[in-house]
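The values are calculated or read from the model by the stated rules, or taken from the named source; none is laboratory data. Only a predicted model underlies this, so the values are computations on that prediction, with no experimental measurement involved. Ideal geometry is used to build each Cβ from the backbone, glycine not excepted, and the neighbour counts take in all protein chains shown. With ligands, DNA and RNA removed, areas are computed over all heavy atoms of the protein, side chains included. Shrake-Rupley method; radii C 1.70, N 1.55, O 1.52, S 1.80 Å.
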Amino acid sequence: VSNIVPESCLLIVVGLLVGGLIKGVGEKPPILKSDIFFLFLLPPIILDAGYFLPLRQFTENLGTILIFAVVGTVWNAFFLGGLMYAVCQLGGPGLNHIGLLANLLFGSIISAVDPVAVLAVFEEIHINELLHILVFGESLLNDAVTVVLYHLFEEFANFEQVTILDIILGFFSFFVVSLGGVFVGVIYGVIAAFTSRFTSHIRVIEPLFVFLYSYMAYLSAELFHLSGIMALIASGVVMRPYVEANISHKSHTTIKYFLKMWSSVSETLIFIFLGVSTVAGHHYWNWTFVISTLLFCLIARVLGVLVLTWFINKFRIVKLTPKDQFIIAYGGLRGAIAFSLCYLLDYKHFGMRDMFLTAIITVIFFTVFVQGMTIRPLVDLLAVKKKQETKRSINEEIHTQFLDHLLTGIEDICGHYGHHHWKDKLNRFNKKYVKKCLIAGERSKEPQLIAFYHKMEMKQAIELVESGGIGKIPSAVSTVSIQNINPKTLPVERILPALSKDKEEEIRKILRNNLQKTRQRLRSYNRHTLVADPYEEAWNQMLLRRQKARQLEQKMNNYLTVPAHKLDSPTMSRARIGSDPLAYEPKADSENLPIITIDPASPQSPESVDLMNEEPKGCGGLPPSPEEDEEGLVMRVKEPSSPGTDDVFTPGTGDSPSNQRMLRCLSDPGPRPEPEEGEPFIPKAQ
């Protein structure tokens, strides 16, 4: 049944049955007293909501939430109160005596969205974070408006005449009530955080301080007619980051589960008592008043959301779509706060209290039953985005912080002081001053990313131990975290065989030694902290010397040589010899000339041109004659080598490498123009 009907509806039905049963046996059913509701049942629900409030989504959408909570609630109260006053004037003799202030008071009671009802319904349908925080944030923050309007109209009803000064003072009292509640909550939150700094030797009472100071904040605010809900939320939000850094993990688990349990019990009792009080209370049914109240409640909510969203979307980057607007308007549920506020009214001044109570119970039942039961199928029908259960990772945290830093820098460059700028200022102040005072030990200096990593690592370790699989340790979990937790008894059937303690210690020792070596061998790179390598300077000097020597040798060669003529390929040389063999005949008087022999048998190899004797003319000590200068090179036929000798590796006279290089440099004729077509490779002697 709970898959179709919300849990809150079932609890009201249980209350109706219990109330009917008590009345059936002749007893008087108990009624939900306002003191019990406001002092004992409401604070746990609000503290649970405030302590575990998703702060990032809340602060990013704070402007939208405040507009819905303040402007929307004021609009609902005055619109509903004005129209109900018109209905009372036109409704006949039973309603004529209800004045304008009484109707405005009724409008202020019924206009506020109830956080208990919203939590009960919205947590079951798993709506996306944006819509959840908008509706739930509105239900939390509209408490200040409700308290101000309620007390204002209650006081005005006793006045004989309301002046303009009273109205102005009433307007300013809104800021006093809301900001005063926040201030009281912040004071108690700081005291709780400071106290938790000194509880390291008595871990047992750590959770007690969280509950005690939060409840003290609520009572102090209510004592001075400030907003108790705002005080509770402020104290929970302020104390949580510092308290969690100081207390032990067992205390953290205690706080978490005790708050969840306490708020669930309170929520259950509230809805059951609503059902019982419906049976037990005195009712005065007036069709005109009740139906008009229900109709105008829906109209005021829809009109308020549409107009305010049109205005808000002008300033929002992520716009609220028509689907979102429908869910926000449809999720405006009323609950036990309205019932308790109406129950607080005095019969002397408000004789129509029973009729007000009947109308309020009707609106609560309609919103919780009809809207609460139909919102889940409507969300599925409209394909509204659901909440995605994903675990936050280090990668996501790094990118989130990087984007925050980037957006802060962009705002600074543009000269626009947006919420990123002020958030950065607050974080700097918190890190520089507040953390040092409220967090004990080294945790105060710990970077945010490291703190998040430790939290995530401990969470994984606890889940791992609870699941009973230490053999399946993921790489992200260190053994240090696991040693700090008392593991439960492992199940008998395990997938991996259990290791003995000696074997486990041996494996750890091997890993520790190897990891230590690895850590020594692989240094992390940081260009600011690089250590100079002692051998690196010597290598650089050696390379520079080699480079200079090579450059000097190239310069010397350039001074001694002229660029050589481009060599023809062996195939081209063979073609030239075959076209004009007479041009290459050897001369009779050419004993002392350099000889180039060409082997036409194998033109493909570059070794087909052999250097046999390339000596400078007149190398025998005699100056060369003018005739020999004009003769140029003379071709000689290569003499066949004697058997057993290697014509490649047998060195000749004057064949040392240095000799050959010097001779080649001095005898190179240098560049010459390309031969024309049909011209022989070496010209004939004239």
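What residue, among those in the range 85-98 that are outside any helix (DSSP H, G or I) and open to solvent by 30 Å² or more (accessible area, probe 1.4 Å), is farthest from F350 (Cα to Cα)? So, considering only residues that are outside any helix (DSSP H, G or I) and open to solvent by 30 Å² or more (accessible area, probe 1.4 Å), the one farthest from F350 (Cα to Cα) is G91. Selection within the range 1-29: residues that are under 24 Å from M261 (Cα atoms) and not aliphatic (A, V, I, L, M). The member of this set that is surrounded by the fewest Cβ atoms within 10 Å (Cβ to Cβ) is N3. Here R392 meets the list (1) free of Cβ contacts under 8 Å to residues at least 40 places away in the same chain; (2) closer than 16 Å to R56 by Cα; (3) part of a loop (DSSP other than H, G, I, E, B) almost entirely, failing just condition (1). Of the numbered criteria (1) more than 26 Å from L298 (Cβ to Cβ); (2) in a loop (DSSP other than H, G, I, E, B); (3) open to solvent by 20 Å² or more (accessible area, probe 1.4 Å); (4) of a type outside the set (F, W, Y), the one L53 fails is (3). Filtering the range 410-432 to residues that are touching a residue at least 12 places away in the same chain (Cβ under 8 Å) and either exposed (fewer than 13 other Cβ atoms within 10 Å of the Cβ) or of a type in the set (K, R) (or both) leaves only K423.
Quick grid of which residues meet (1) more than 24 Å from A193 (Cα to Cα); (2) modelled with pLDDT of 70 or more; (3) outside the structural domain of H249 (by the TED database); (4) of a type in the set (D, E, K, R):
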residue: F429; (1), (2), (3), (4): no, yes, yes, no
residue: A440; (1), (2), (3), (4): no, yes, yes, no
residue: K459; (1), (2), (3), (4): no, yes, yes, yes
residue: I473; (1), (2), (3), (4): yes, no, yes, no
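Checking every residue in the range 180-196 against the condition of being in the same structural domain as H249 (by the TED database), among the hydrophobic types (A, V, I, L, M, F, W, C), open to solvent by 50 Å² or more (accessible area, probe 1.4 Å) and within 21 Å of T146 (Cα to Cα) gives at least one match. The C-beta contact set for the range 452-469 (first residue acidic (D, E), second residue crowded, with 17+ Cβ neighbours inside 10 Å and assigned to a helix (DSSP H, G or I), distance under 9 angstrom, 6+ apart or interchain) comprises E457/S481. In the set E129, E138, E123, only one residue is of a type in the set (D, E, K, R) and free of Cβ contacts under 8 Å to residues at least 40 places away in the same chain; that residue is E123.
If I ask for residues that are of a type in the set (K, R) and either closer than 29 Å to P377 by Cα or at pLDDT 90 or above (or both), which ones from the range 315-351 would you list?
To start, the set of residues in the range 315-351 that are of a type in the set (K, R) comprises 316, 319, 323, 334, 348.
Correct list: R316, K319, K323, R334.
Here is a check on your reading of the model: is I31 part of a loop (DSSP other than H, G, I, E, B) and under 25 Å from G107 (Cα atoms)? Here the answer is yes, as I31 does meet what is asked.
Every residue, every condition in (1) among the basic types (K, R); (2) in contact with a Pro (Cβ under 6 Å, 6 or more places away or on another chain); (3) at pLDDT below 85; (4) part of a helix (DSSP H, G or I), yes or no:
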{"site": "V116", "(1), (2), (3), (4)": "no, no, no, yes"}
{"site": "E123", "(1), (2), (3), (4)": "no, no, yes, yes"}
{"site": "L130", "(1), (2), (3), (4)": "no, no, no, yes"}
{"site": "S139", "(1), (2), (3), (4)": "no, yes, no, yes"}
{"site": "V145", "(1), (2), (3), (4)": "no, no, no, yes"}
{"site": "L149", "(1), (2), (3), (4)": "no, no, no, yes"}
{"site": "E155", "(1), (2), (3), (4)": "no, no, yes, yes"}
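In summary, N3 fulfils each of the numbered conditions (1) more than 17 Å from G281 (Cβ to Cβ); (2) assigned to a helix (DSSP H, G or I) with the single exception of condition (2). For the range 372-388, the set of residues classified as in contact (Cβ under 8 Å) with a residue 60 or more places away in the chain and either under 14 Å from V5 (Cβ atoms) or of a type in the set (V, I, T) (or both) consists of G372, M373, I375, R376, V379, V384, listed by residue number. Which residues, taken from the range 324-333, are open to solvent by 10 Å² or more (accessible area, probe 1.4 Å) and either part of a loop (DSSP other than H, G, I, E, B) or among the small types (G, A, S) (or both)? Correct list: A329 only. For V176, are the conditions met, namely being at pLDDT 85 or above and surrounded by fewer than 24 Cβ atoms within 10 Å (Cβ to Cβ)? Yes, satisfied. Contact map, the range 273-300: residues that are over 22 Å from P93 (Cβ atoms) paired with residues that are of a type in the set (D, E), Cβ distance under 9 Å, separation 6+ or inter-chain. Pairs shown: G281/D354.
Residue selection: L134 fails the criterion of being closer than 22 Å to L333 by Cβ, modelled with pLDDT of 85 or more, open to solvent by 10 Å² or more (accessible area, probe 1.4 Å) and in contact with a helix residue (DSSP H, G or I) (Cβ under 7 Å, 6 or more places away or on another chain). Scanning the range 373-389 for residues that are out of contact with any Asp or Glu (no Cβ under 9 Å at 6 or more places or on another chain) and either part of a helix (DSSP H, G or I) or open to solvent by less than 80 Å² (accessible area, probe 1.4 Å) (or both) yields M373, T374, I375, P377, L378, V379, D380, L381, L382, A383. Taken together, T73, T59 contain a single residue that is open to solvent by 10 Å² or more (accessible area, probe 1.4 Å), in contact (Cβ under 8 Å) with a residue 24 or more places away in the chain and either farther than 21 Å from V384 by Cα or among the aliphatic types (A, V, I, L, M) (or both), which is T59. Taken over the range 400-409, the criterion of being at pLDDT below 85 and open to solvent by 70 Å² or more (accessible area, probe 1.4 Å) is satisfied by no residue.
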